[in-house]
């Protein structure tokens, strides 16, 4: 039997790999591969890559909008926090503009004034013209988004768009509001 040479990765993956090597990551300590289930290239960085927080800016610049997964949970959280902080000002401005355009920013609920995420979720639903409990429901894993609307009418779609802008606004403001979406139960805390 003749061994065939390993098929080289597509050119885009080769470019990303080279950029990450130039960032100072060790060869063989990370993979760059298109993942069908993610519909994206995923960069998986193992501990052997020698990555540290000092590499984050370079990794982010190389990765651009691709998915970056650190096998070290502490580095993963630190990287996600750094990326979020960089995006926060634009997210806040975009969400604020969308809520102002919809006329729902006045009297916007403050998370600190509600005793639970469920009560706050109901206030967000009402702010966007929805009935309380029509989007967020309590599940065994916690609060989850599950629209219970009868139709996907233009009005319903508009209200859901409003709610997504409201969630982005709350998140960008740094307010604590924990929920998930139906279909993500496998990733719920404690599972």
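General remarks:
- Residue satisfying condition, being part of a strand (DSSP E or B) and either in contact with a strand residue (DSSP E or B) (Cβ under 7 Å, 6 or more places away or on another chain) or at pLDDT below 95 (or both), within set 12, 34, 65: 34
- Filter pass, residue 105 being without any contact (Cβ under 8 Å) to a residue 60 or more places away in the chain and under 24 Å from the mean Cα position of the chain (by Cα): yes
- Test for residue 130: is it within 16 Å of residue 163 (Cβ to Cβ) and not in a loop (DSSP other than H, G, I, E, B): no
- Residues being in a helix (DSSP H, G or I) and touching a strand residue (DSSP E or B) at 6+ places or on another chain (Cβ under 8 Å) - total across the range 37-61: 3
- Conditions (1) within 17 Å of the chain's Cα centre (by Cα); (2) surrounded by 15 or more Cβ atoms within 10 Å (Cβ to Cβ); (3) not assigned by TED's automatic domain parsing to the domain that holds residue 16; number of the one not met by residue 114: (1)
- Of the criteria (1) assigned to a helix (DSSP H, G or I); (2) farther than 29 Å from residue 43 by Cβ; (3) in contact with a strand residue (DSSP E or B) (Cβ under 8 Å, 6 or more places away or on another chain), which one residue 100 fails: (3)
The values are calculated or read from the model by the stated rules, or taken from the named source; none is laboratory data. This one's a predicted model, so the numbers in the text were calculated from it and none came from an experiment. Glycine also receives a Cβ, built like all others from the backbone with ideal geometry; neighbour counts cover every protein chain displayed.
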